[in-house]
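Quick notes on the structure that follows.
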Amino acid sequence: VVPDHGGPSEPTRTARNLVILLVDTLRADKLSRIDDGTEVQADNVQRWAAEGLLFTRAVAQENWTKPSVATLLTGLYPSSHAAQSERSVLPPEAVLISERLSREGFSTGCLIANGYVSDAFGFRRGWDTYRNYVRSGLRNRASNVFADAAEWIGEQTAERRFFLYIQTIDPHVPYIPPREYAEMYDPDAYDGPVKASETSSLLERVKAGQVSLNARDRKHLEALYDGEISYHDAYAPLLWDALAENGFLDDTLVVVA
């Protein structure tokens, strides 16, 4: 999402800084700017689209984390970077954008809440600050990640350009939103097989045909997922506010995926 604060008569401005926010496993059709039929409350993360550009036909090159993020950060197709299996490591020939921008003098930082984007698989290259919450045993909820992002932005100076990569993971299984967020979408009492802490294994059994969910079960399951999106959205303003309060908002290209 590209901020657009000028009219057509003004000269084109070049951003000094880059921020990429990847919301892991967030369905596009859960966002009202993509699908106006959704009831999910996620206006904060969509603020970037409201004041910038919205791309509705972007396509992920893989359906799971390692190869998909490797493509995002290298610009290479999975067939080229070859980080496609459970144990594969991103080769040094696949140059990360962090490496390129570091060589250009950027301050680089990443805050990653998914264990696959780790040093074990070749992703810890070109970063001045590297934090993988899962590998480090840190809390990886949106409240923690966005607070750390705000702190990192506050440490930057106008003299040095910066690149920050943030990968949040709240809409990923298991779906365990705070109760008030789940109740936004399913306020009625529920006592079925869908239990928040067990949603990961439950969905595996559903896909394998071992478990069948009725309409009530599916409503509760989706409410847990939607609650995670709205919980995540409640902390998204920390990123916007940090850029604004530190004077970086108008000079930073922010990409939300």
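Data for the structure
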| quantity | calculated |
| --- | --- |
| From the options ALA244, ALA234, ALA189, residue that is of a type in the set (Gly, Ala, Ser), open to solvent by 60 Å² or more (accessible area, probe 1.4 Å) and either on the phi < 0 side of the Ramachandran plot or part of a helix (DSSP H, G or I) (or both) | ALA189 |
| Test: residue in the range 106-120 that is closer than 15 Å to ILE166 by Cβ and open to solvent by 20 Å² or more (accessible area, probe 1.4 Å) | no |
| Test for ASP186: is it in contact with a His (Cβ under 7 Å, 6 or more places away or on another chain) and either among the hydrophobic types (A, V, I, L, M, F, W, C) or touching a residue at least 24 places away in the same chain (Cβ under 8 Å) (or both) | yes |
| Single unsatisfied condition, SER79 versus (1) open to solvent by 90 Å² or more (accessible area, probe 1.4 Å); (2) outside any helix (DSSP H, G or I) | (2) |
| Among (1) under 30 Å from THR71 (Cβ atoms); (2) of a type outside the set (Lys, Arg); (3) in contact with a Ser or Thr (Cβ under 9 Å, 6 or more places away or on another chain), the one test that GLU204 misses | (3) |
| Hits in the range 207-233 - residues which are in contact (Cβ under 8 Å) with a residue 40 or more places away in the chain and among the acidic types (Asp, Glu) | ASP226, GLU228, ASP233 |
| Residue within the range 162-170 that is out of contact with any helix residue (DSSP H, G or I) (no Cβ under 6 Å at 6 or more places or on another chain) and among the acidic types (Asp, Glu) present | no |
| Matching residues, the range 25-42, being more than 19 Å from LEU53 (Cβ to Cβ) and part of a loop (DSSP other than H, G, I, E, B) | THR25, ARG27, GLY37, THR38, GLU39, VAL40, GLN41 |
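The values are calculated or read from the model by the stated rules, or taken from the named source; none is laboratory data. All values derive from a computational prediction rather than experimental measurement. Virtual Cβ from ideal backbone geometry, glycine too; neighbours counted across all protein chains shown. Note: accessible area is taken over every heavy atom of the protein model, side chains too, but ligands, DNA and RNA are not part of it. Shrake-Rupley method; radii C 1.70, N 1.55, O 1.52, S 1.80 Å.
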